[in-house]
Amino acid sequence: MEKRLSFLLIAFLVISITGCGSRKSAENANFESISANRGGAYTETVANDVAEPQVAKEVTATDIAPKVIKTANVSIEVFDYLKSRQKVDSIVAKHKGYITNEAFQETDTQKSNSITIRVPAQNFDQLLSDFAAIAKKVDYQNIYTQDVTEEYIDVKTRLINKLEVEKTYRKHLREAKNIEDILKIENKLAEIRSEIESAEGRLKYIDHQVNLSTVSLYLYQKLEYKYIPEELPGFWQRVKEGIHWGWKGFLWFLILLVKLWPLWLLGIAAYFFYIKIKGYLKNRKKKEKKAKKLQKKTKLPNEPIL
C-alpha cells in the first residue's frame, strides 16, 4: 500500500513539472510572435514599466577638491575715514573682489560705513590682512567656514546617474515605434531633464559660493564732540514772531467760532425761550399782587367782640 502511494505521488509531481514547462514554452512562443508582428515595438506594458537602470557610478571625496564656503565679519577703527575708504577700494581691486553694498552713516560723534565685499577664496586671507594694516584698531575679526563637500558629492553623483538614465531613455526612444510609447518615454525624459537642470544649478551655486568668499567690513572713525551753541533770535525778532503768531492765533479763534455756528443757534434759541419764560412768570406775579390788593379792599371790617 505504501509503495503504491509513493508511486502515485512521484507520478503526480512529474506531470505537474512537465505541464508548467510546456505552459511557459507556449507563453514565450506567444510573446515572441506578438513582438514579431508589431515590428519590435514596445508594448504598452513595457513602456509603462521602463525602469531606471541602477548606475553604479559614484563620486568620492578623493575625486574632487574640498568645498568650503568662507565668510568673515570685521570691524576696524581708522584715523581718517575718507582716506581709509579710498584704501579699502584699492585693496578690494588689488585682490580682484567687488563691493555688493554699503551703508554710510555720520553723526556728531562718528563716521561709519558697513561694506559687504565678495573676493576670490584664494585672496580671502590676504584681504583681511590688508584691512588690518590700515586700521587704527581692530575691534573684532570673526571667520566662519562651512564645509559643503558632502552635499557637493551627493549632488554630483545624482547628476551623473541621471545623465546615464537619460541616455538609456533616449536609446529606448530611438527604438520605439508606437506613438503612445514614444509620448510616455518623452514625458519621462522631460522629468529627468528637469532633475538634471536642478542638480546642475545647485552645483553652480555651490561652486560660486566656494569660489567667492564674503567679507562684511564695518569701517568707522570717531569724531571729537564739539558743542555748538544754539543761535537764539534777537529781541525785535522775537517781538515780530510774537505779533505774527498772535495774529495767526486770533484768526484761528475766529475760524473756530465760525465752525461752532450750530451751538450759536442753540444758544440764541435758549436765550429767547428764557426771556419768554421770565416774562410769563413776571406777569403772573403782577396779577397775583393785584388780586391780593382787591381782596384787601373788598374785605369787611371785623365784628366787635362781646
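The values are calculated or read from the model by the stated rules, or taken from the named source; none is laboratory data. Here the structure is a predicted model, which is why all the values come from computation and not from measurement. Cβ coordinates were reconstructed from backbone atoms using ideal geometry, including for glycine residues, and neighbour counts include every protein chain displayed.
Would you check if there is a residue in the stretch 172-187 being touching a helix residue (DSSP H, G or I) at 6+ places or on another chain (Cβ under 7 Å), part of a helix (DSSP H, G or I) and small (Gly, Ala, Ser)?
Scanning the stretch 172-187 turns up no residue that is touching a helix residue (DSSP H, G or I) at 6+ places or on another chain (Cβ under 7 Å), part of a helix (DSSP H, G or I) and small (Gly, Ala, Ser).
Out of GLY279, GLY201, GLY249, report the one residue that is without any contact (Cβ under 8 Å) to a residue 40 or more places away in the chain and within 30 Å of LYS70 (Cβ to Cβ).
So the residue among GLY279, GLY201, GLY249 that is without any contact (Cβ under 8 Å) to a residue 40 or more places away in the chain and within 30 Å of LYS70 (Cβ to Cβ) is GLY201.
Quick one: which residue in VAL74, VAL78, VAL55 is closer than 30 Å to GLU175 by Cβ and either surrounded by 11 or more Cβ atoms within 10 Å (Cβ to Cβ) or modelled with pLDDT of 95 or more (or both)?
None of the other options fit; the residue is VAL55.
If you take the residues in the stretch 81-98 that are surrounded by 14 or more Cβ atoms within 10 Å (Cβ to Cβ) and within 31 Å of the chain's Cα centre (by Cα), which one is farthest from TYR225 (Cα to Cα)?
If we take residues in the stretch 81-98 being surrounded by 14 or more Cβ atoms within 10 Å (Cβ to Cβ) and within 31 Å of the chain's Cα centre (by Cα), then GLY97 is farthest from TYR225 (Cα to Cα).
So, in the stretch 111-139, of the ones that are among the hydrophobic types (A, V, I, L, M, F, W, C) and assigned to a strand (DSSP E or B), which residue ends up nearest to SER213 (Cα to Cα)?
It comes out as VAL119.
Against the conditions (1) loosely packed, with under 14 Cβ neighbours inside 10 Å; (2) over 20 Å from ASN211 (Cα atoms), where does ASN142 fall short? Just the number, please.
Going through the list (1) loosely packed, with under 14 Cβ neighbours inside 10 Å; (2) over 20 Å from ASN211 (Cα atoms), ASN142 breaks only (2).
Given the conditions (1) surrounded by fewer than 12 Cβ atoms within 10 Å (Cβ to Cβ); (2) at pLDDT below 90; (3) part of a helix (DSSP H, G or I), which single one is not true for ASP108?
(3)
Criterion first (within 21 Å of LYS67 (Cα to Cα), in a helix (DSSP H, G or I) and either in contact with a Phe, Trp or Tyr (Cβ under 9 Å, 6 or more places away or on another chain) or of a type in the set (S, T, N, Q) (or both)) does THR168 satisfy it? Write out each step before concluding.
Working: within 21 Å of LYS67 (Cα to Cα): no; in a helix (DSSP H, G or I): yes; either in contact with a Phe, Trp or Tyr (Cβ under 9 Å, 6 or more places away or on another chain) or of a type in the set (S, T, N, Q) (or both): yes.
Against the criterion (within 21 Å of LYS67 (Cα to Cα), in a helix (DSSP H, G or I) and either in contact with a Phe, Trp or Tyr (Cβ under 9 Å, 6 or more places away or on another chain) or of a type in the set (S, T, N, Q) (or both)), THR168 does not qualify.
Can you tell me which residue among ALA135, ALA176 is surrounded by 12 or more Cβ atoms within 10 Å (Cβ to Cβ), modelled with pLDDT under 90 and either basic (Lys, Arg) or farther than 20 Å from SER198 by Cα (or both)? If you could, list the steps in order and put the result at the bottom.
Numbers: ALA135 fails: modelled with pLDDT under 90.
Selected residue: ALA176, the only one of ALA135, ALA176 that is surrounded by 12 or more Cβ atoms within 10 Å (Cβ to Cβ), modelled with pLDDT under 90 and either basic (Lys, Arg) or farther than 20 Å from SER198 by Cα (or both).
Hey, can you tell me all the residues within the stretch 70-94 that are assigned to a strand (DSSP E or B) and in contact with a Leu (Cβ under 9 Å, 6 or more places away or on another chain)? Before the answer, list the steps.
Filtering the stretch 70-94 down to residues assigned to a strand (DSSP E or B) leaves 70-77.
Matches in the stretch 70-94: ALA72, ASN73, VAL74, SER75, ILE76, GLU77.
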